[in-house]
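Notes follow once the structure below has been shown.
The values are calculated or read from the model by the stated rules, or taken from the named source; none is laboratory data. Small disclaimer: the values here were computed from a predicted structure and weren't measured. Cβ placement follows ideal geometry from the backbone for every residue including glycine, while neighbour counts extend to all protein chains displayed.
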Amino acid sequence: MNKNKDGMRYPSIDKLLSKIDSKYKLVYAASKVALILESEKLNVENAQCVKSIGIALEEILDGKVDIKFES
């Protein structure tokens with residue numbers, strides 16, 4: 001599988017917004033997931049992105065992350 005090194009074109013923002021309804025919430029969630037991936041040195045199999053923020057967005061899109069926001 002080819003790794004995505006072209007920046008933030010993948011995953012698609014439109015698809016991501018179907019999972020989380022706000023760009024601001026999406027950025028917040030992705031940053032938290034990326035921080036966990038980096039701090040715990042977790043390896044995600046079959047990730048297309050190279051950077052942790054891209055991998056975090058992939059995990060959110062795939063529904064592998066359960067995120068709850070307070071109202």
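Being in contact (Cβ under 8 Å) with a residue 40 or more places away in the chain and either in contact with an Asp or Glu (Cβ under 6 Å, 6 or more places away or on another chain) or surrounded by 12 or more Cβ atoms within 10 Å (Cβ to Cβ) (or both) is the filter here; which residues of the stretch 54-71 pass it?
Gly54, Leu57, Glu58, Ile60, Leu61, Ile67
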Q) Just wondering, is there one or more residues in the stretch 50-68 that are assigned to a loop (DSSP other than H, G, I, E, B) and among the polar types (S, T, N, Q)? A) no
Scanning the stretch 12-46 for residues that are in contact (Cβ under 8 Å) with a residue 40 or more places away in the chain, within 12 Å of Ile60 (Cβ to Cβ) and not in a helix (DSSP H, G or I) gives Lys19, Ile20
_Boolean, Glu40 is modelled with pLDDT under 90 and not hydrophobic (A, V, I, L, M, F, W, C)_ = no
